[in-house]
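Novice: Would you mind keeping the following structure in view while I ask a few things?
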Amino acid sequence: MSIAQNLLKIKSTLPENVTLVAVSKTKPITDLMEAYDAGQRIFGENKIQEMVEKWEAMPKDIEWHMIGHVQTNKVKFMAPFVSLIHGVDSLKLLEEINKQAKKNNRIIDCLLQIYIAEEESKFGLDEEELDEILASETFQEMKNIRIVGLMGMATFTENQNQIKKEFTHLKSIFDNHKNLKSENCQLNTVSMGMSGDYPLAIACGSTMVRIGSSIFGGRI
Ligand SMILES: *Cc1c(COP(=O)(O)O)cnc(C)c1O
């Protein structure tokens with residue numbers, strides 16, 4: 001099947017309230033344009049330099065999502081255009097995003113990444129650290145960022161029960177915080193689910209899935 005066919009098939013299975021991020025990391029612009037021509041406007045990348053190059057070369061009605069781990073010193077390169085940063089996991093990073101957003105006269109939407117997997121390598125906050133950030137004065141004074149939800153990645157395993165447990169955990173943290181409302185914080189997005197586990201993620205309450213290989217094919 002072609003990229004366009006893969007995309008349209010997946011889209012036809014998604015509930016209306018679930019947003020599809022087409023994860024195009026490592027793929028050439030011609031592949032992204034095939035998805036674009038089939039109607040896709042939200043693309044996810046995990047390297048800032050690669051995202052900048054694609055943003056420069058491609059139509060300007062695309063929303064670019066940063067889904068990878070972000071180094072503080074590279075925020076400035078994406079601050080002029082990024083529409084959602086998924087992997088924010090420290091107050092220090094938020095401060096830098098806020099600073100760079102201000103320089104660009106923008107408000108940048110962010111998701112806080114929650115650690116839900118049983119793997120050492122995955123980034124993220126636990127619920128206590130999340131609460132600390134949200135309660136801090138430093139955060140409450142930030143005017144150029146907006147926390148719009150949470151993001152998480154399940155353990156890389158075949159064990160569906162474990163994945164389900166992890167997604168349910170993220171959804172419960174989301175539910176515990178969704179009534180918080182302030183100028184720069186209003187949670188409405190749960191970003192969870194990739195090619196291998198997105199139907200389960202949706203069943204567990206995901207509102208945003210990040211799908212790469214099922215659309216564009218495998219990566220080397
Ligand atoms: C690569 C990546 C995805 C997409 O993975 P696929 O298995 O190709 O769908 C989703 N989320 C993050 C954070 C990624 O790095």
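Novice: Please list, in order, the residues from the stretch 80-111 whose amide nitrogen is less than 20 Å from a point placed 7 Å along the Cα→Cβ vector of Lys60.
Specialist: Those under the cut-off are 80-84, 101-109.
Novice: Give the long-range amide H neighbours of Gly193: residues separated by 5 or more places, or on another chain, with amide H under 5 Å away, using H modelled in the peptide plane at 1.01 Å from N.
Specialist: Under 5 Å from the amide H of Gly193 lie the amide H atoms of Ala154, Arg210, each far enough along the sequence or on another chain.
Novice: Give me the number: length gained by fully extending Asp31 to Ser83, i.e. 0.36 nm times residue separation minus the C-alpha to C-alpha distance, one decimal in nm.
Specialist: Full extension from Asp31 to Ser83 adds 16.6 nm.
Novice: While we're on this one: What FRET efficiency do you get for Glu127 and Asn161 if R0 is 22 Å and r is their Cβ-Cβ distance, rounded to the nearest 0.05?
Specialist: That pair, Glu127 with Asn161, gives E of 0.55.
Novice: Can you give me the Rg/Rh ratio for the stretch 70-197, using Cα atoms for both radii and the Kirkwood formula for Rh?
Specialist: Computed over Cα atoms, the ratio is 0.98.
Novice: Given a Förster distance of 41 angstrom, what is the FRET efficiency for Ala135 paired with Arg41, based on the Cβ-Cβ distance and rounded to 0.05?
Specialist: Between Ala135 and Arg41 the formula returns 0.70.
Novice: With labels modelled as points extended 7 Å from the Cα through the Cβ direction, what inter-label distance (nm, one decimal) is found for Lys76 paired with Asn17?
Specialist: Distance between label points: 4.2 nm.
Novice: Under a point-charge model restricted to the Cβ atoms of Lys and Arg (+1) and Asp and Glu (-1), what is the dipole moment magnitude of the stretch 2-62 relative to its Cα centre, in debye to the nearest 20?
Specialist: Roughly 160 debye for the stretch 2-62.
Novice: Loop-only GluC sites (Glu not before Pro) in the stretch 1-85, please: DSSP not H, G, I, E or B, and at most 15 other Cβ atoms within 10 Å.
Specialist: Those satisfying the criteria are Glu16.
Novice: OK, next. If you average 1/r across every pair of different Cα atoms in the chain and take the reciprocal, what Kirkwood value do you get, in Å?
Specialist: Mean inverse Cα-Cα distance, inverted, gives 17.6 Å.
None of the figures in this text is laboratory data; all of them are computed from the coordinates on show. Keep in mind that this is a model prediction, so the values were computed, not measured. FYI the Cβ positions are ideal-geometry reconstructions off the backbone, even for glycines, and counts take in every protein chain you see.
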